[in-house]
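The values are calculated or read from the model by the stated rules, or taken from the named source; none is laboratory data. No experiment lies behind these values; they were computed from the predicted model shown. Cβ sites come from the backbone with ideal geometry, for glycine too, and all protein chains shown count toward neighbours. When the accessible area is computed, the model is the full protein with side chains, heavy atoms only, and any ligands, DNA or RNA have been set aside. Shrake-Rupley method; radii C 1.70, N 1.55, O 1.52, S 1.80 Å.
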Amino acid sequence: MHPTDTQHPDYYHRVVDCQWACPAHTDVPEYIRLIAQGRFSDAYMVNRESNVFPGILGRVCDRPCEPACRRGRVEDKPVAICRLKRVAADLRDDIRPRLPRAPAEGNGKRIACVGAGPASLTVANDLVPLGYEVVILEQYGTAGGLMRTNIPSFRLPASVLDEEIGYIVEMGAELRLNSPVKSMAALLAAGEYDAVFVGTGAPKGKELSLPGRDASDRIHIGISWLESVAFGHTKAVGENVLIIGVGNTAMDCCRTSLRLGARSVKVMARKPRGFFKASAWELEDAEEESVEMVVNHSPKSFVIEDGKLRGMRFDRIEYQVVDGRIVSERVIDEVVLPCDDVILAIGQENAFPWIERDLGIEFDKWDVPRVDPATFQSTRPEVFFGGDAALGPKNIIWAVEQGHQAAISIHRHCMGLPVTERPPRGMRLQSRKMGMKEWSYKNDYNPLERRLVPHVSLKERFRQLNVEVELGFDAERAAAEVQRCLNCDVQTVFTANLCIECDACIDICPTDCLTMTAAGPLEELEQRLKAPRRTREQALFLSEPLKQTGRLMVKDEDVCVHCGLCAERCPTNAWDMQKSWIDIPHAKDEAGCRS
């Protein structure tokens, strides 16, 4: 066994579970503390540094940070990280003077971004301040991509989109609306651009080829239907609507249907509820609005009578589930459910009919471009992909992070540097100690339960399509919710040569995360831990041999709640509470290294 290398940036980064789980590595505990201090603009800027769109993501992020939250290990519900992000956006002052701008003199390089979705906008956000001339080519008359067309305005108001997209345009990005790219060959042949970034999303909804599919115009593809609603082309729907699929798009379709006149909306699921892909909060919101979730129904055919859609025929399935896995299934019977409209929300796919296949841009057997998952460079060196267009449909926060990485690659490509060489991450520590037993952060445990986000009443939310349902936290609710954060970024840092092995830290630890024991093989050492090891996702901390007995100080980072009692009790300051900053490089940092 070797002492843990805590200087490796990933070690303490991994301890900050929320930041580690976030694709863009947002410094969550830092912005939560800033909110606690009422510094909402500062909290917004900490967010924006990594995720670019705090107001948007504070409403519609898929929240990978929350299942990872350490609070969820000591009680049922994690900190409302996403909703606190929105607090920073809602309560901040004007932050435009704090945003970077294009330099007076550019670097002579021009970049085309195809599509004005989150990935392309992030590329522009990162490259414009470095002197690049970034031209965003958008086929529609408004920017935002699938954020605009596929997320209903009752979840994401247009004003929020306009404001945060506007920040990037005001930096100096050139946004060309109503400018579809119909040929990659023509775009490249024009010779206007040093690199091309493709951020066109996954704009093609999956089909359901069943008998009767082509016999009615009342059978819709979910993302195309939402787009039609967003642009005002579809303004009504029948009274009885069936939604096929149980992902987040299905939830948007069912709730939108209610706002367009539907009286009965059923979401049809082939499998049991435990296999739904939709986020739990999306399901809760839909069911609050009386959407019915119908499980174990497999679509069989569309029922067409006299040329009109009358219903759908389903096989009703019985499943045997063991340890969360389906081990067998059988058809019980067949049922027909009446409907006026069917909306298919069973997934979406990439589509590149405008990219010719003889340009050196290779596509795989699924007709998806071959893209390096680290650099996002295609097999043609000057062409890059990001967001859903690169590796398939994910959430906005993934598109943002891929945009950051693609911007680094584009910068290195334009500078004649190898794109595979990435700037290293860094890590900094700073003690929070203010006195003998005082710390510059609040380390007491607050037993408050998670605050509930207020919603517009059911009566009011259906009056107009664009009535935002979630009202967000006010300052008072936010002040309560921030107290639930355990400050995982304030690390317990141990200095072995100061330890006198008095056991004071072990005696006071409320979670038994500390053990002093003899060295040995990992499997044997784990058996001697005071608290049983629950997971190996986080490494054990192993100190150098202690000078009194040669034993090791062992800490299970997964069990620690960062209360700081070990540091308060320690008579020699062998333990200290130190704030960690994880430096995640972006294109500006790479440029700074080379300037």
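List of remarks:
- Criterion: over 24 Å from Asn150 (Cα atoms), free of Cβ contacts under 8 Å to residues at least 12 places away in the same chain and assigned to a loop (DSSP other than H, G, I, E, B) - qualifying residue of Asp5, Asp42: Asp5
- Among the residues of the stretch 224-246, those that are of a type in the set (Gly, Ala, Ser), under 13 Å from Ile343 (Cα atoms) and either modelled with pLDDT under 95 or not in a loop (DSSP other than H, G, I, E, B) (or both) comprise Ser224, Ser228.
- Taking the criterion of being small (Gly, Ala, Ser) and either closer than 19 Å to Arg83 by Cβ or open to solvent by less than 10 Å² (accessible area, probe 1.4 Å) (or both), the only residue of the stretch 154-164 that qualifies is Ser159.
- Candidate set from the stretch 237-282 (those that are of a type in the set (Ser, Thr, Tyr) and touching a residue at least 60 places away in the same chain (Cβ under 8 Å)); member that is nearest to Phe154 (Cα to Cα): Thr256
- Residue that is within 20 Å of Arg33 (Cβ to Cβ), open to solvent by less than 50 Å² (accessible area, probe 1.4 Å) and not in a loop (DSSP other than H, G, I, E, B), where the choices are Leu127, Leu84: Leu84
- The stretch 156-193, residues that are in a loop (DSSP other than H, G, I, E, B) and of a type in the set (Val, Ile, Thr): Val181
- The residue that is surrounded by the most Cβ atoms within 10 Å (Cβ to Cβ), counting only those in the stretch 348-384 that are β-branched (Val, Ile, Thr) and free of Cβ contacts under 8 Å to residues at least 40 places away in the same chain, is Val371.
- For the stretch 511-533, the criterion of being of a type in the set (Gly, Ala, Ser), touching a helix residue (DSSP H, G or I) at 6+ places or on another chain (Cβ under 7 Å) and over 18 Å from Met1 (Cα atoms) is met by none of the residues.
- When Asp589 is tested against (1) open to solvent by less than 20 Å² (accessible area, probe 1.4 Å); (2) within 26 Å of Thr122 (Cα to Cα); (3) among the charged types (D, E, K, R), only condition (1) is not met.
- Residues that are acidic (Asp, Glu), in a loop (DSSP other than H, G, I, E, B) and at negative phi occur at least once in the stretch 464-475.
- Members of the stretch 578-592 found to be charged (D, E, K, R) and within 12 Å of Thr26 (Cα to Cα), listed by number: Asp583
- Each residue in the stretch 298-347 was checked for being assigned to a strand (DSSP E or B), in contact with a strand residue (DSSP E or B) (Cβ under 8 Å, 6 or more places away or on another chain), open to solvent by 40 Å² or more (accessible area, probe 1.4 Å) and touching a residue at least 40 places away in the same chain (Cβ under 8 Å), and 5 of them qualify.
- Restricting attention to the stretch 58-69, the residues that are not charged (D, E, K, R) and not in a helix (DSSP H, G or I) total 3.
- Residue list for the stretch 476-518, filter: more than 15 Å from Leu565 (Cα to Cα) and exposed (fewer than 14 other Cβ atoms within 10 Å of the Cβ): Glu476, Asn497, Ile500, Ala518
Residues are listed down the side, and each one gets a yes or a no for (1) in contact (Cβ under 8 Å) with a residue 40 or more places away in the chain; (2) closer than 30 Å to Asp194 by Cβ; (3) crowded, with 18+ Cβ neighbours inside 10 Å; (4) not β-branched (Val, Ile, Thr):
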position: Pro393; (1), (2), (3), (4): yes, yes, yes, yes
position: Val400; (1), (2), (3), (4): yes, yes, yes, no
position: Ile410; (1), (2), (3), (4): yes, yes, yes, no
position: Pro423; (1), (2), (3), (4): yes, yes, yes, yes
position: Gly426; (1), (2), (3), (4): yes, yes, no, yes
position: Gln430; (1), (2), (3), (4): yes, no, no, yes
position: Met434; (1), (2), (3), (4): no, no, no, yes
position: Glu460; (1), (2), (3), (4): no, no, no, yes
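- Scanning the stretch 1-54 for residues that are aliphatic (A, V, I, L, M) and closer than 25 Å to Leu127 by Cα yields Ala24, Val28, Ala43, Met45, Val46, Val52.
- Subset of the stretch 275-290 [closer than 19 Å to Glu66 by Cα, among the small types (Gly, Ala, Ser) and in a helix (DSSP H, G or I)]: Ala280
- Leading residue by the ranking (surrounded by the fewest Cβ atoms within 10 Å (Cβ to Cβ)) among those in the stretch 202-223 that are outside any strand (DSSP E or B) and in contact with a Gly (Cβ under 6 Å, 6 or more places away or on another chain): Lys206
- Remark: pairs (first residue in the stretch 546-574, open to solvent by less than 10 Å² (accessible area, probe 1.4 Å); second residue of a type in the set (D, E, K, R); Cβ separation under 7 Å; 6+ apart in sequence or on different chains) = Leu546/Glu501; Asp556/Arg533; Ala567/Asp576.
- Residues of the stretch 87-120 satisfying the condition of being more than 16 Å from the chain's Cα centre (by Cα) and in a helix (DSSP H, G or I): Val87, Ala88, Ala89, Asp90, Leu91, Arg96, Pro97, Arg98, Ser120
- Residue that is nearest to the chain's Cα centre (by Cα) [pool: residues in the stretch 230-276 that are crowded, with 24+ Cβ neighbours inside 10 Å and among the hydroxyl-bearing types (Ser, Thr, Tyr)]: Thr249
- Close Cβ contacts (under 6 Å, 6 or more residues apart or on different chains) running from residues in the stretch 75-101 that are closer than 25 Å to Arg451 by Cβ and of a type in the set (Gly, Ala, Ser) to residues that are assigned to a loop (DSSP other than H, G, I, E, B) and open to solvent by 10 Å² or more (accessible area, probe 1.4 Å) comprise Ala80/Arg450.
- Subset of the stretch 29-69 (residues that are within 15 Å of the chain's Cα centre (by Cα) and β-branched (Val, Ile, Thr)): Val52, Ile56, Val60
- Residue pairs whose Cβ atoms lie under 6 Å apart, separated by 6 or more positions or on different chains, with the first residue in the stretch 166-177 and under 17 Å from Gly115 (Cβ atoms) and the second in a helix (DSSP H, G or I) and open to solvent by 50 Å² or more (accessible area, probe 1.4 Å), are Leu175/Val169.
Residues are listed down the side, and each one gets a yes or a no for (1) in a loop (DSSP other than H, G, I, E, B); (2) out of contact with any helix residue (DSSP H, G or I) (no Cβ under 8 Å at 6 or more places or on another chain); (3) within 20 Å of Leu57 (Cβ to Cβ):
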{"site": "Gly360", "(1), (2), (3)": "yes, yes, no"}
{"site": "Trp366", "(1), (2), (3)": "yes, yes, no"}
{"site": "Pro373", "(1), (2), (3)": "yes, no, no"}
{"site": "Thr379", "(1), (2), (3)": "yes, yes, no"}
{"site": "Phe384", "(1), (2), (3)": "no, no, no"}
{"site": "Ala390", "(1), (2), (3)": "no, no, yes"}
{"site": "Lys394", "(1), (2), (3)": "yes, no, yes"}
{"site": "Ala399", "(1), (2), (3)": "no, no, yes"}
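- One residue from Gly72, Gly55 being buried (at least 18 other Cβ atoms within 10 Å of the Cβ) and in a helix (DSSP H, G or I): Gly55
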